[in-house]
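Worksheet: one structure, shown below.
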Amino acid sequence: MTNTRADRWLPALLLLFVGSGAAALIYEIVWLQLLQLVIGSSAVSVGVLLGTFMGGMCLGSLLFSRCVTNRRHPLRVYAALELGIGACGALLLVVMPVVGRVYTTWGGGNPGGFVLRGLVAAVCLLPPTLAMGATLPAVARWTRATRTGMSWLGFFYAGNIAGAVGGSLLAGFYLLRMFDMRTATYVGVAINLVVAAVAFALASVAPASPDPTGMDDEHGEPQPGAALVYVAIACSGACALAAEVVWTRLLALLFGATVYTFSIILAVFLVGLGLGSSVGSVLARSVQRPSLAFGWCQVLAMAAIAWGARTITASLPFWPVSPTLVPNVRIMFEFDLVRTMWAILPAAMLWGASFPLALASLVARGQEPGRLVGRVYAANTVGAVVGALGASLVLVAWVGSAHTQQVMIAVAAAAALLGFAAAFQASARGAALVGAAAAASACVLVPGVPPVPGMLVAYGRYMATVLGQAGQVVYVGEGLNSSVAVTRLPSGKLGYHNAGKIQASSEPEDMRLQRMLGHLTTIVPAAPRSVLVIGCGAGVTAGAVSISPKVEHVTIAEIEPLVPRVVSTYFGVENYHVVDNPKVQVVIDDARHYLLTSGQMFDGITSDPLDPWVKGAATLYTREFFEAAKAHLNPGGVITLFVQLYESTPEAVKSEIASFFAAFPDGIIVGNTFRGEGYDVVLLGQVGPTRIDLDRADAELRSPAFGQVAESLGEIHIGSAVDLFGNYSGRASDLTAYLKVAAINHDLDLRLQYLAGLGLERYESDPIYGDILQYKRFPEGVFTGSDALMAALRARIERRR
């Protein structure tokens, strides 16, 4: 048993691990968000970041017992590790921008860029994650390698996870929403300092060893079947992280892929791990054969995976709930929390229970606790890395979510068989019987995993309300970065769906916006030879750009390979078969990463990214990104940006406009109305003062060379240059009062994604547009041209609502 003097301090240490977990999750959210600004938000970049983060923790747990002598007081070592984590957290705020500048200078977009991305992630993440991974093995030396000691470690693990739940919610719903990444980091550093101070204080009054005779031997005798348990806990970790990847992706379709959704899912998953670890820690003390309990835990995990798969794709989407009936988005968050717990909590609890049961299965006489815990933690983490990267980078895009979950059930069955084999070392018959039960369970559960409904991919949270009314899903695909669909209405109109909602269509209001984006980008500048299109979507904007006779080269930056390869082909008529155009180049990359690392200059940039409430999309709306885009424009170059007014809030719209005008102080707004009401707008900025030559634009649209451009505009009921620019709705200098309290969206706060995420169910586009129009007046000095054209334009602008 544990020494009485040491034992009485263990509950206090449990509280310290709660603090450690809270700080660790705050850092994880901040660091991954900061590094995505540098190396991109693509699945490959995120995979590099996740692999480095978890790999560092794995190495830290393995190397600790080899590099730190057991003669040091475990609590002092733990305190020093916490201080080191806090120091790294503060230092990374300074280091990351420097590393980012070096990375972009060296050209992270070249073919060897993936290696460079990994190097950047390693430089930034390995030092603190090595320390994070070493904290549990360090404290393990304050216990003994007994059932009771391993049970306490299970409670520490649960406490660490409980803190992580608090840290994820604190960062996602408060610190990053109200402040910025610096403030969140400082809160994490403060928690580390408090934890370290208390640990040092405990070390001054608590014994250094749980046993008056000293620590256990350095190696000790391994438990029979230990290798089987290590492999089994790795399989358990692989299932857990693969499930988190797959289920997060599917639930984001159902709830909306906002930062709040991701925080809710992460919190529920962590709650399940913590609860399960607590239960497993109690069982670890009492059960006679922990490895047998571990095996049955994996059998139950198989059933829980099947439950989660069925619930998320065949039950929750059909619950008769209309998001538009919810009076407050916070109530919707509560509902999403309940649905998430219903779907994924059982599996998460079983994976949480697996860790202390695996520890108890490996306890043997003479073992050094730090080494034992480090190995188990490392095995679990290695499996987690393989599961997360395998699911996100390979399986989902290759075989789909349904088959990936079937693979997870098979891996859980393998973990169960390994656990049973370790439990029945002396009884081949017993191992065969329970193994057959596990295999039979897998054979029953695997075929029952339902496919992902195309309607879920297309309509997400509105699936239950549009059943029987929506169009036919003619294509659905699960890609590397997102799931996409194409629908066809009875009228023949097409829709492109991403993030669980329609992103583009051939409906008149959407065609008007997409064509305006493309044509404004090529009509305003005098010589738009090279144009960058951010986001392929249906390809309509890129197609409008490509048909200009002045344009010689078009680059489309698209993060999801399925979009240009498959989706845009359905819109071939509307987008002029842009992907097959010889002067068009498609680059598969995060647009921000491509722009920062390409070194190319453009005469025009047009941006139509995903909705700003989609996690990660706000990086394309920051002042710093607009400044970078400006730096990649040739003299006289133009940038256009789509800003949606629907499913948004006045605060989010103001943030988008103010952030753009901060980089382009002479920018203007061009409105797109539908049935006389505001729908969305285009922001237009130019290097230098905005100057639009009406005479040149009018002459070009009348010339035979621009016949296809004129026809394209005619299809959206724009018959002349006056018609096009008559949609003018305001400029930066006239909107100072409107934007007075607007929150500028910066790289270090990404405030927009938090503001936009609160407007998911709101449809206030016309009132928002009306607020903008209150400040509209004819923009003297922006337009030049003949008296007749200027008079016609003035009349159009001054009378248009």
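The values are calculated or read from the model by the stated rules, or taken from the named source; none is laboratory data. Keep in mind it's a predicted model, so treat the numbers as computed, not measured. Because the Cβ atoms are built from the backbone with ideal geometry, glycine has one as well, and the counts that use them run over all protein chains shown. We work out accessible area using only protein heavy atoms, side chains counted, and drop any ligands, DNA or RNA first. Shrake-Rupley method; radii C 1.70, N 1.55, O 1.52, S 1.80 Å.
A few comments on the model shown:
- Matching residues, region 121-143, being in a helix (DSSP H, G or I), out of contact with any Asp or Glu (no Cβ under 9 Å at 6 or more places or on another chain), crowded, with 24+ Cβ neighbours inside 10 Å and modelled with pLDDT under 90: Ala121, Leu136, Pro137, Ala138, Val139
- When Gly477 is tested against (1) closer than 23 Å to Tyr679 by Cα; (2) surrounded by fewer than 24 Cβ atoms within 10 Å (Cβ to Cβ); (3) in contact with a helix residue (DSSP H, G or I) (Cβ under 6 Å, 6 or more places away or on another chain), exactly one condition is not met: (1).
- A single entry from Val115, Val99 fulfils the requirement of being modelled with pLDDT of 85 or more, part of a helix (DSSP H, G or I) and either touching a strand residue (DSSP E or B) at 6+ places or on another chain (Cβ under 6 Å) or open to solvent by 20 Å² or more (accessible area, probe 1.4 Å) (or both): Val99.
- Failed item, numbered, when Ala628 is tested on (1) open to solvent by 10 Å² or more (accessible area, probe 1.4 Å); (2) out of contact with any Leu (no Cβ under 7 Å at 6 or more places or on another chain); (3) assigned to a helix (DSSP H, G or I): (2)
- Arg147 being open to solvent by 40 Å² or more (accessible area, probe 1.4 Å) and modelled with pLDDT of 90 or more: no
- Listed conditions (1) in a helix (DSSP H, G or I); (2) open to solvent by 20 Å² or more (accessible area, probe 1.4 Å) are all met by Leu49, apart from (2).
- The condition (being open to solvent by 10 Å² or more (accessible area, probe 1.4 Å), in contact (Cβ under 8 Å) with a residue 60 or more places away in the chain and aromatic (Phe, Trp, Tyr)) is satisfied by just one residue among Tyr594, Tyr621: Tyr594.
- Filtering Ser401, Ser322 for residues that are open to solvent by less than 20 Å² (accessible area, probe 1.4 Å) and more than 27 Å from Val434 (Cα to Cα) leaves a single hit, Ser401.
- Segments classed as strands (runs of 3 or more DSSP E), wholly inside region 465-579, with at least 3 members that are more than 30 Å from the chain's Cα centre (by Cα), at pLDDT 95 or above and among the hydrophobic types (A, V, I, L, M, F, W, C): none
- Answer residue from region 638-673, given it is aromatic (Phe, Trp, Tyr) and in a helix (DSSP H, G or I) and is nearest to Phe783 (Cα to Cα) among those: Phe661
- Leu300 falls short on exactly one of the conditions (1) within 23 Å of Leu445 (Cβ to Cβ); (2) more than 25 Å from the chain's Cα centre (by Cα); (3) open to solvent by less than 10 Å² (accessible area, probe 1.4 Å), and that condition is (3).
- Within region 497-512, residues that are over 15 Å from Tyr570 (Cα atoms) reach no partner that is among the charged types (D, E, K, R) with beta carbons closer than 6 Å at six or more positions or on different chains.
- Among residues of region 342-378, those that are hydrophobic (A, V, I, L, M, F, W, C), open to solvent by 20 Å² or more (accessible area, probe 1.4 Å) and part of a helix (DSSP H, G or I), counted: 4
- Look at (1) touching a residue at least 60 places away in the same chain (Cβ under 8 Å); (2) open to solvent by 50 Å² or more (accessible area, probe 1.4 Å) and you find that Ala436 fails only one, number (1).
- Yes/no for Arg66 being open to solvent by 10 Å² or more (accessible area, probe 1.4 Å), in contact (Cβ under 8 Å) with a residue 24 or more places away in the chain and of a type in the set (Lys, Arg): no
- Looking only at residues of region 178-203 that are among the aromatic types (Phe, Trp, Tyr) and part of a helix (DSSP H, G or I), we find that the one that is modelled with the lowest pLDDT is Phe200.
- Condition met for Pro451 (under 27 Å from the mean Cα position of the chain (by Cα) and either closer than 20 Å to Thr313 by Cβ or at pLDDT below 90 (or both)): yes
- Selection within region 730-758 - buried (at least 20 other Cβ atoms within 10 Å of the Cβ), among the small types (Gly, Ala, Ser) and in contact with a Pro (Cβ under 9 Å, 6 or more places away or on another chain): Gly730, Ala732, Ala756, Gly757
- When region 52-91 is limited to residues that are out of contact with any Asp or Glu (no Cβ under 8 Å at 6 or more places or on another chain) and not in a helix (DSSP H, G or I), the one that is nearest to Ala397 (Cα to Cα) turns out to be Val68.
- Within region 271-297, tally of residues that are open to solvent by 60 Å² or more (accessible area, probe 1.4 Å) and under 28 Å from Ala164 (Cβ atoms): 7
- All positions within region 325-341 that are at pLDDT 90 or above, open to solvent by 10 Å² or more (accessible area, probe 1.4 Å) and of a type outside the set (A, V, I, L, M): Phe333, Glu334, Phe335, Arg339
- Residue pairs meeting the criteria (Cβ under 9 Å; at least 6 apart or on separate chains; first under 14 Å from Ala267 (Cα atoms), in region 15-32; second surrounded by fewer than 24 Cβ atoms within 10 Å (Cβ to Cβ) and of a type in the set (Lys, Arg)): none
- Residue count for region 173-201, restricted to those that are in contact (Cβ under 8 Å) with a residue 60 or more places away in the chain, of a type outside the set (A, V, I, L, M, F, W, C) and open to solvent by 60 Å² or more (accessible area, probe 1.4 Å): 3
- Region 554-570 residues that are closer than 20 Å to Thr522 by Cα and touching a residue at least 40 places away in the same chain (Cβ under 8 Å), paired with ones that are surrounded by 24 or more Cβ atoms within 10 Å (Cβ to Cβ) and of a type outside the set (A, V, I, L, M) (beta carbon under 9 Å, 6 or more apart): Thr555/Phe602
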